[in-house]
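A short worksheet on the structure shown next.
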Amino acid sequence: MKFTNDVPKFTASDAEIDANIKDADIPALLVTCAHLTGDYSLLRDEWRPVMEYGVAISGMTPDTEAEVRAECAARLKSFRDAGGETHAAATAEEIRTVANWMMPEMGEKMDAFIPLNHEEAVLNGFDLRRPRWNKARLAPEREFSVAIIGAGEAGMLTAMRLKEAGVPFTIFEKNPEVGGTWFENHYPGARVDCNSFFYSFACMRGLWEDFYGHGADVLEYLKAVADEWGIRDNIVFNAEVTECRWNEATNQWDLTIDHQGQTLNHNSNMLVSAVGQLNRPMMPDIEGQELFTGPSFHSARWDHDICYEGKRVGVIGTGATALQFIPQLAKTAENVTVFARTTPWLLPTPLLHEKVPEGLKWLMVNVPTYSMWYRVTLAIPGAVGMLDGVKVDPDYPPTEKAVSAMNDQARQAITDWMEAQIEDRPDLREHLIPNSSPLGGKRIIRDNGAWAKTLRRNNVVMNRKGIAEITETGIRDQDGHEHEFDMIVYGTGFQASKFLMPMQVYGHDGVSLHDMWDGDARAYLGATVPNFPNLFMIYGPNTNQVVHGGSAFLWSEFTVKYILDAARTLLESEARSIEVKEKVYWNYNERIDAANRLRAWGFSKVNSWYKNEKGRVTQNYPFTSAELWQRSHEVSLTDYEIS
Ligand code: NAP
């Protein structure tokens, strides 16, 4: 994987510029040229991008696009002739100018988003998220180390920042490789559902082959980052942390680790859980499950030794995962029968299966700051997301169809797009178009028309009768009809609400985290819990900003910055522990719960992994990403007991 963070001197010939600029993303191209020439008048009103489902597209006629490309080619040539060098990263004012140009409808509300977008603009080692302190200067004599659980993107990012701050750390990873969810989920068709140029670290901009990278590419990227940052030496692989216990005498966390059957012990001053949210597969409890004699497995445990070519395959589930692997199975299986319960909403995403054109890659590598601006122009609308569209308007009044006029408008637009794909097949309507949940009630799945094409196939059958039982040879539906299969695949999701399970975590006076939560996990800012000093979670309860606020990588940046600030606080104050105040934790959670009830996912009765068994939304953060950035930018000492 090639990275594009450092800008080269621009020496391209006229012919190279003219040949490659045809593939440029127009908003990013205009902003790059404005930045390189210092002439922001290039961001004209008539060249403003159009927002399409949270992505900025040019929205121009081909003639206008040609005019813009010609203008920008001329600007790039003059920049080259003037020396072709820049080392200037974007200033906050430039980010503001660009953001206001892209989304003028936001008005003053955009101000809150400027700092987090400014942090996305990393160039030549200039990275606003880099810790501004170093242990060697702050507390050279103090013995202080951090244990991180998990070497997925969140654990790796924690490691990267701790390395920058000179704080010793060890990562315990249950798998033999980095990558977390991208190591475990290698089912056919696995790919990201957030543009890869944004679903990655801002400080390690990869040169992707696909706009929405395949799972294997994400894994390669994470491996390459681990190598570049030299963090493998700090990782103990094949090491599953089974117990974490706060030691009152030493003010440390004592860890028990299962390392390939051997028990390891380790202690650290701080403990960071980066175990992921969608990590432990959810196998449903269906009668007769153990009787089936053919192969059966969960999507996150895909057995590639089992060939599905020419086979009769039963699939349970129609979530984001199943909608990626079913089209692949259907290509060669004899038939695929899908046991579906809830029809998910789809989000039109034309670039979903598109390769990044050669010219665009050339621009990323050769044109100074282009890859930075491409990322920032993804981040600006991405960080705003579609939160306003899922807010419940009690005056509307909300129903399972729509929770506000805006929500209804988006529902109608997406319904029209879906209807157009099956005009001649009204029988497919119930399988493609949800009628029992508002948009945003559960996870919206990206699609480019591939799902409707799969539904149209003769060898794909949707079964909505409900599963009565699994038998030796197949699945019997609630109508009593038995369907025989050669294999069964469970696309049934993850135990998302069982945070930190199956690990046992004990805090002050031996209190158990899972007993305290009693199946209803909460945290302050998704990160800290009273009675558990120096414990920080990444992607903890109520951190998911799935329809608003970018990507898991961005949310990790917020929490990791917070964790680093907590480490700084401990080192600077010579304190031994930092623990969130009970009142702060509960006030925060009450506010979160009240707001979640007024979001489509909290209002709707639809099944989703956003809620726990008690029906409380444990996953989603109901406010803007700008607010979470602001709150987790630094540790507020009034929120914590520091001793
Ligand atoms: P999921 O969204 O939880 O979907 C699980 C599916 O299994 C649902 O259709 C559910 O039906 C069904 N199901 C569960 N228990 C069942 C039972 N007993 N009988 C019949 N059906 C049952 O899980 P997922 O598809 O693995 O996706 C989880 C999340 O992972 C996604 O929402 C997304 O955030 C993430 N993901 C991301 C990507 C990506 O980045 N590309 C790809 C895949 C997944 P109901 O809906 O009726 O409950």
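Which lysines have a Cα less than 21 Å from the Cα of LYS311, not counting those fewer than 8 places away in the same chain?
In chain and number order, the partners are LYS331, LYS453.
So if we plug the beta-carbon distance of SER436 and THR64 into 1/(1 + (r/R0)^6) with R0 = 41 Å, what FRET efficiency do we get, rounded to 0.05? Mind showing how you got there, number by number?
Details: r = 42 Å, r/R0 = 1.03.
FRET efficiency, SER436 to THR64: 0.45.
Tell me whether the stretch 105-155 comes out rounded, prolate or oblate; compute the Cα gyration tensor, take square roots of the eigenvalues as a ≥ b ≥ c, and use a/c under 1.5 as the rounded threshold. Let's see the in-between values first.
Values: a/c = 2.66, a/b = 1.95, b/c = 1.37.
The shape class here is prolate.
So, how do all the Cα-to-Cα distances of the stretch 503-643 break down into 5 Å bins, in percent, from 0 on up?
Each 5 Å bin holds this share of Cα pairs: 2, 10, 19, 23, 20, 15, 7, 3, 1, 0.
Under 1.5 on a/c is rounded, so check that first for the stretch 533-606, then, if it is not, pick prolate when a/b is larger than b/c and oblate when it is not; a ≥ b ≥ c are the square roots of the alpha carbon gyration tensor eigenvalues.
Numbers: a/c = 3.71, a/b = 1.72, b/c = 2.16.
It is oblate, given that a/c is not under 1.5 and a/b is not larger than b/c.
If you bin the C-alpha pair distances of the chain every 10 Å from 0, what whole percents do you get?
The percentages, shortest bin first, are 3, 15, 25, 26, 20, 9, 2, 0.
Can you divide the C-alpha Rg of the stretch 122-188 by 2.2 N^0.38 Å and report the result to two decimal places? Don't skip to the answer; put the middle values down first.
Working: Rg = 14.8 Å, N = 67, 2.2 N^0.38 = 10.9 Å.
So the stretch 122-188 has a normalised radius of gyration of 1.36.
Over the chain, what is the mean sequence separation of C-alpha contacts under 8 Å (at least six apart), divided by residue count, expressed as relative contact order in percent? Intermediate values should be presented prior to the final figure.
Values: 1277 pairs, mean separation 111.3, N = 643.
Once divided by the residue count of the chain, the mean separation gives 17 percent.
Can you compute 3J(HN,Hα) from phi for each residue in the stretch 306-314, using the Karplus curve 6.51 cos²θ - 1.76 cosθ + 1.60 with θ = phi - 60°, rounded to whole Hz and x for Gly and Pro?
8, 8, 9, 4, x, 9, 9, 10, x
What are the ³J(HN,Hα) values, in whole Hz, obtained from phi via the Karplus relation 6.51 cos²θ - 1.76 cosθ + 1.60 with θ = phi - 60°, for each residue of the stretch 577-587 in sequence order, with x given for Gly and Pro?
8, 9, 9, 5, 6, 3, 5, 4, 4, 6, 4
Can you show me the helix-derived [θ] at 222 nm for the chain, built from DSSP H runs with n ≥ 4 at -39,500 (n - 2.57) apiece and divided by the number of residues, rounded to the nearest 500.
Values: 20 runs with 210 residues, N = 643.
For the chain, the value works out to -9500 deg cm²/dmol.
By per-residue mean of other Cβ atoms within 10 Å, what is the highest-first order of 344-353, 183-192, 470-479, 526-535?
526-535, 183-192, 344-353, 470-479
So for the stretch 502-578, considering every pair of alpha-carbon atoms, how many percent are separated by more than 20 Å?
On the way: 1167 of 2926 pairs.
The share of Cα pairs beyond 20 Å in the stretch 502-578 comes to 40 percent.
Using the charge dipole of the chain (Lys, Arg: +1 at Cβ; Asp, Glu: -1 at Cβ; taken about the Cα centre), state which of TYR588, MET160, ILE433 has its Cα farthest towards the positive end.
Positive-most Cα among the choices belongs to TYR588.
Averaging the inverse of every distinct alpha carbon separation and then flipping it gives the Kirkwood radius. What is it for the stretch 468-545, in angstrom units? Walk me through the numbers on the way to the answer.
Values: mean 1/r = 0.0637 Å⁻¹.
In the stretch 468-545 this quantity evaluates to 15.7 Å.
For LYS581 and ALA413, what is the calculated FRET efficiency with R₀ set at 41 Å and r taken between the beta-carbons, to the nearest 0.05?
On the way: r = 45 Å, r/R0 = 1.10.
With a Förster radius of 41 Å, E is 0.35.
Roughly how many debye, to the nearest 20, is the charge dipole of the stretch 391-438 about its Cα centre, given +1 on each Lys and Arg Cβ, -1 on each Asp and Glu Cβ, and no other charges?
Details: 5 positive and 10 negative charges, 32 e Å.
Approximately 160 debye in magnitude.
For ALA239, list long-range residues whose amide hydrogen, built 1.01 Å from N in the peptide plane, is under 5 Å from its own amide hydrogen.
Those lying under 5 Å, H to H, from ALA239 are GLU173, LYS174, ASN175.
With just the Cα atoms defining each centre, how far is the stretch 74-140 from the stretch 144-173? Give it in Å.
If you average the Cα positions of each part, the centres end up 26 Å apart.
At 10 °C and 1.306 mPa s, what whole-number value in µm²/s does Stokes-Einstein give for the translational diffusion of the stretch 80-177, with Rh from the Kirkwood sum over Cα pairs? Mind showing how you got there, number by number?
Values: Rh = 16.8 Å.
So the translational diffusion coefficient is about 95 µm²/s.
Under a point-charge model restricted to the Cβ atoms of Lys and Arg (+1) and Asp and Glu (-1), what is the dipole moment magnitude of the chain relative to its Cα centre, in debye to the nearest 20? Walk me through the numbers on the way to the answer.
Values: 63 positive and 89 negative charges, 83 e Å.
Here the chain has a charge dipole of around 400 debye.
How long are the three semi-axes of the equivalent ellipsoid of the stretch 215-361, in whole Å, if each is the root of 5 times an eigenvalue of the C-alpha gyration tensor, listed from largest down?
Details: eigenvalues 281, 126, 51 Å².
With the √(5λ) rule applied to the stretch 215-361, the semi-axes are 38, 25, 16 Å.
Based on the mean of other beta carbon atoms within 10 Å per residue, what is the order of 198-209, 511-522, most packed first?
Working: 198-209: 22.0, 511-522: 16.0.
The most tightly packed comes first, giving 198-209, 511-522.
How far apart, in nm, are two points set 7 Å out from the Cα along the Cα-to-Cβ line at ASP233 and at HIS353?
Spacing of the two 7 Å Cα→Cβ label points: 4.5 nm.
For the stretch 426-517, state what percent of all Cα-Cα pairs lands in each successive 10 Å bin, counting from 0 Å until the bin that includes the largest distance.
With a bin width of 10 Å, the distribution comes to 11, 26, 29, 19, 12, 4, 0.
Please compute the alpha carbon radius of gyration of the stretch 422-476, then divide it by the globular-protein estimate 2.2 N^0.38 Å. Two decimals is fine. Could the numbers behind the result be given before it?
Details: Rg = 14.0 Å, N = 55, 2.2 N^0.38 = 10.1 Å.
Cα Rg divided by the expected 2.2 N^0.38 Å: 1.39.
By DSSP, what percent of the beta bridges with both residues in the chain are antiparallel, rounded to the nearest 5? Display every interim value, and only then the final one.
Working: 36 of 72 bridges.
Rounded to the nearest five, the antiparallel share is 50 percent.
Which of the listed residues, ALA202, PRO176, PHE532, is farthest toward the dipole's positive end in the chain, when Lys, Arg count +1 and Asp, Glu count -1 at the beta-carbon?
PHE532
Using the beta-carbon distance between GLU472 and HIS508 and R0 = 51 Å, what value does 1/(1 + (r/R0)^6) give for FRET efficiency, to the nearest 0.05? Numbers along the way, then the final one.
Details: r = 52 Å, r/R0 = 1.01.
Efficiency, rounded to the nearest 0.05: 0.50.
Would you kindly derive the ³J(HN,Hα) couplings of the stretch 475-491 from the backbone phi angles with the Karplus curve 6.51 cos²θ - 1.76 cosθ + 1.60 (θ = phi - 60°), listing them in order in whole Hz, with x for Gly and Pro?
Values per residue, Gly and Pro as x: 10, 9, 8, 5, 7, x, 7, 9, 10, 8, 10, 8, 8, 10, 10, 9, x Hz.
List residues of the stretch 94-128, by number, whose backbone nitrogen lies under 18 Å from a label position 7 Å along Cα→C-beta of ASP393.
105-106
Let me know the charge dipole size of the stretch 207-328 about its Cα centre in debye, to the nearest 20, where only the beta-carbon of Lys, Arg (+1) and Asp, Glu (-1) is charged.
Values: 7 positive and 18 negative charges, 42 e Å.
For the stretch 207-328, the charge dipole is close to 200 debye.
Computed from the coordinates by the stated procedures, all read-outs in this text should not be read as laboratory data. For clarity, every value in this text was computed on a predicted model and none was experimentally measured. Heads up, the Cβs are rebuilt from the backbone with ideal geometry, glycines too, and the neighbour counts pull from every protein chain shown.
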